[in-house]
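The values are calculated or read from the model by the stated rules, or taken from the named source; none is laboratory data. In this text the structure is predicted, and so the values were computed from the model without any measurement. Backbone-built Cβ (ideal geometry, glycine too); neighbour counts: all protein chains shown. SASA here: full protein model, heavy atoms, side chains in, ligands and nucleic acids out. Shrake-Rupley method; radii C 1.70, N 1.55, O 1.52, S 1.80 Å.
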Amino acid sequence: MFQILHFEKPIPFMRYAKPGVVFSTLLMVISLFFLFDRGLNWGLDFTGGTTIEVGFPQSVSLDKIHKVLDEQKIAGATLQHFGSSRDVLVRMTPQEGVRVEQQGNQVLAAAQQIDPEAVLKRVEFVGPSVGDELATDGALAMLASILCIMAYVAVRFEWRLALGGIVSLVHDVVITLGVFAFFQYEFDLTVLAALMTLVGYSLNDTIVVFDRLRENFRKVRKGDTEYILDLSMTETLSRTVITSGLTFVVVLALLLKGGALLHGFAVAMVIGVAFGTYSSIYVASSFAMFLGVKREHMLPTPVEKEGADQQEILP
């Protein structure tokens, strides 16, 4: 099904394993530096703020509302259509000395400059305590998913491969967070959802390579670990090009045409898909090779049957 690319000899991916690991380590160090130095630009989902819904009698452009808010010096507002193009949801950061009702009236006054019939439908305030709870729950959800994935990979594969897969997941998440810290992109619940998606995506790509690696260790009798790794990744290259390529095109389209609401999600997915594909080769597989994974580790374990001379091979 995926045999679009055909190579007579394995591509020597592992020839560049050491430079790849050095490059990945350098990127992770830089990402951690920016995470600790600048930190993440937490969105209103985590910091708390005011949510204001404004209704218009006709469709309205978000760019026009942005322009009016800027003219009125109303800063820190995030806009999105809510339900229809006539309803706009405005999310604003807390301002010292300004009450929630005042923020609502300011936004309504700006909206009525566009259309005098604009109405204020609701004003809600999300406190910082709710934001802290969301941040804690999100971190726990990420940790729980990584621990469950670690247990799954450890049971399904040899521990060296499992450790390589986990390092690959951490690598992808840290670099994505580092980019958000460097550019100070807003980190909200949609970005957290993207990170959760990337954990599963990166693992799936790694599992495909590891499955073929285990199969080739048992089937191919000649060649060292480096050769078997090159062979396995070459044989799965068609599948990787198709799945990763199509996914990248989709998330790139979201980045370019998805609008402000999906910008953070799309940025995280674009970075994650690119580095998730790369890390399956030069992080997960390279790390397992450096840990000394061998053919013997992939062979079935012989178990002697009691009272019999024959041996049963566990699957």
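Under the condition of being charged (D, E, K, R) and open to solvent by 50 Å² or more (accessible area, probe 1.4 Å), which residue from the range 3-55 is modelled with the lowest pLDDT? Explain how you work it out, then say what you get.
To start, the set of residues in the range 3-55 that are charged (D, E, K, R) comprises 8-9, 15, 18, 37-38, 45, 53.
Going one step further and asking which of them are open to solvent by 50 Å² or more (accessible area, probe 1.4 Å), we end up with 8-9, 15, 18, 37-38.
Working: GLU8: 63, LYS9: 79, ARG15: 89, LYS18: 91, ASP37: 93, ARG38: 90.
Checking each candidate, the answer is GLU8.
Among the residues of the range 224-242, is any closer than 19 Å to ALA284 by Cβ, among the aromatic types (Phe, Trp, Tyr) and modelled with pLDDT under 85?
No: zero hits.
In the range 138-173, what residues are over 28 Å from TRP42 (Cα atoms), buried (at least 20 other Cβ atoms within 10 Å of the Cβ) and not hydrophobic (A, V, I, L, M, F, W, C)?
GLU158, GLY164, GLY165
Between a residue in the range 49-61 that is of a type outside the set (Asp, Glu) and any residue that is part of a loop (DSSP other than H, G, I, E, B), which pairs come within a Cβ distance under 6 Å, given they are 6 or more apart or on different chains?
If the second residue must be part of a loop (DSSP other than H, G, I, E, B), the pairs left are GLY49/THR93; GLY49/PRO94; VAL54/ALA118; PHE56/ASP115; PHE56/ALA118; PRO57/GLU117.
What residue, of ILE74, ILE52, is more than 30 Å from ASP137 (Cβ to Cβ) and out of contact with any Pro (no Cβ under 6 Å at 6 or more places or on another chain)? Step through it out loud before you land on a result.
On the way: ILE52 fails: more than 30 Å from ASP137 (Cβ to Cβ).
Going through ILE74, ILE52 in turn, just one is more than 30 Å from ASP137 (Cβ to Cβ) and out of contact with any Pro (no Cβ under 6 Å at 6 or more places or on another chain): ILE74.
If only one of GLU296, GLU215, GLU226 is in contact (Cβ under 8 Å) with a residue 60 or more places away in the chain, over 21 Å from LEU27 (Cα atoms) and either assigned to a helix (DSSP H, G or I) or of a type outside the set (Lys, Arg) (or both), which one is it?
Working: GLU296 fails: in contact (Cβ under 8 Å) with a residue 60 or more places away in the chain; GLU215 fails: in contact (Cβ under 8 Å) with a residue 60 or more places away in the chain.
The conditions single out GLU226.
Given ALA109, ALA135, ALA118, which one is open to solvent by less than 70 Å² (accessible area, probe 1.4 Å) and without any contact (Cβ under 8 Å) to a residue 40 or more places away in the chain? First the steps, then the outcome.
Numbers: ALA135 fails: without any contact (Cβ under 8 Å) to a residue 40 or more places away in the chain; ALA118 fails: without any contact (Cβ under 8 Å) to a residue 40 or more places away in the chain.
Just a single option satisfies the conditions, and that option is ALA109.
Just one of ARG15, ARG38 is under 28 Å from ALA193 (Cβ atoms) and of a type in the set (Lys, Arg); which is it? Walk me through how you get there before you give the answer.
On the way: ARG15 fails: under 28 Å from ALA193 (Cβ atoms).
After ruling out the rest, the residue left standing is ARG38.
When only residues in the range 76-102 that are touching a strand residue (DSSP E or B) at 6+ places or on another chain (Cβ under 6 Å) and part of a loop (DSSP other than H, G, I, E, B) count, which is nearest to HIS263 (Cα to Cα)?
This residue is GLY76.
Using the structure shown, decide if MET196 is over 19 Å from ARG156 (Cβ atoms) and assigned to a helix (DSSP H, G or I). First the steps, then the outcome.
Details: over 19 Å from ARG156 (Cβ atoms): yes; assigned to a helix (DSSP H, G or I): yes.
Criteria met by MET196.
I need the full set of residues from the range 18-64 which are acidic (Asp, Glu) and out of contact with any Lys or Arg (no Cβ under 6 Å at 6 or more places or on another chain), in order please.
Of the range 18-64, the ones acidic (Asp, Glu) are 37, 45, 53, 63.
The answer is ASP37, ASP45, ASP63.
Kindly indicate whether LEU69 is within 30 Å of ILE175 (Cα to Cα) and touching a residue at least 12 places away in the same chain (Cβ under 8 Å).
On the way: within 30 Å of ILE175 (Cα to Cα): no; touching a residue at least 12 places away in the same chain (Cβ under 8 Å): yes.
In short, no.
Which one of the conditions (1) open to solvent by 20 Å² or more (accessible area, probe 1.4 Å); (2) more than 25 Å from ASP137 (Cβ to Cβ); (3) out of contact with any strand residue (DSSP E or B) (no Cβ under 9 Å at 6 or more places or on another chain) does SER238 fail to meet, given that it meets all the rest?
That leaves (1) as the condition not met.
Can you confirm whether the range 56-65 contains a residue that is surrounded by 15 or more Cβ atoms within 10 Å (Cβ to Cβ) and at pLDDT 90 or above?
Step one: of the range 56-65, the residues surrounded by 15 or more Cβ atoms within 10 Å (Cβ to Cβ) are 56, 60, 62, 65.
Then drop every residue that is not at pLDDT 90 or above, which leaves 56.
So far as the range 56-65 goes, yes, one or more of its residues are surrounded by 15 or more Cβ atoms within 10 Å (Cβ to Cβ) and at pLDDT 90 or above.
Matching residues to (1) within 21 Å of ARG221 (Cβ to Cβ); (2) of a type in the set (D, E, K, R); (3) modelled with pLDDT of 85 or more:
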residue	(1), (2), (3)
ALA260	no, no, no
GLY272	no, no, yes
VAL293	yes, no, no
PRO302	yes, no, no
GLN310	no, no, no
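Which one is nearest to ARG156 (Cα to Cα) among residues in the range 214-223 that are open to solvent by 30 Å² or more (accessible area, probe 1.4 Å) and in contact with a helix residue (DSSP H, G or I) (Cβ under 9 Å, 6 or more places away or on another chain)?
If we filter the range 214-223 for residues that are open to solvent by 30 Å² or more (accessible area, probe 1.4 Å), which is where we start, we get 214-215, 218-223.
If we keep only those that are in contact with a helix residue (DSSP H, G or I) (Cβ under 9 Å, 6 or more places away or on another chain) too, we end up with 214-215, 218, 220-221, 223.
Details: ARG214: 11, GLU215: 13, ARG218: 16, VAL220: 21, ARG221: 22, GLY223: 24 Å.
Among those residues, the one meeting the criterion is ARG214.
Can you tell me which residue among ASP230, ASP188, ASP205, ASP211 is more than 22 Å from PHE13 (Cβ to Cβ), of a type in the set (Asp, Glu) and open to solvent by less than 70 Å² (accessible area, probe 1.4 Å)? Break it down stepwise before answering.
On the way: ASP230 fails: more than 22 Å from PHE13 (Cβ to Cβ); ASP205 fails: more than 22 Å from PHE13 (Cβ to Cβ); ASP211 fails: more than 22 Å from PHE13 (Cβ to Cβ).
After applying the criteria, what remains is ASP188.
Does GLU96 qualify as being open to solvent by 80 Å² or more (accessible area, probe 1.4 Å), modelled with pLDDT under 85, closer than 28 Å to PHE187 by Cβ and of a type in the set (D, E, K, R)? Working first, answer last.
Numbers: open to solvent by 80 Å² or more (accessible area, probe 1.4 Å): yes; modelled with pLDDT under 85: yes; closer than 28 Å to PHE187 by Cβ: yes; of a type in the set (D, E, K, R): yes.
The answer is yes for GLU96.
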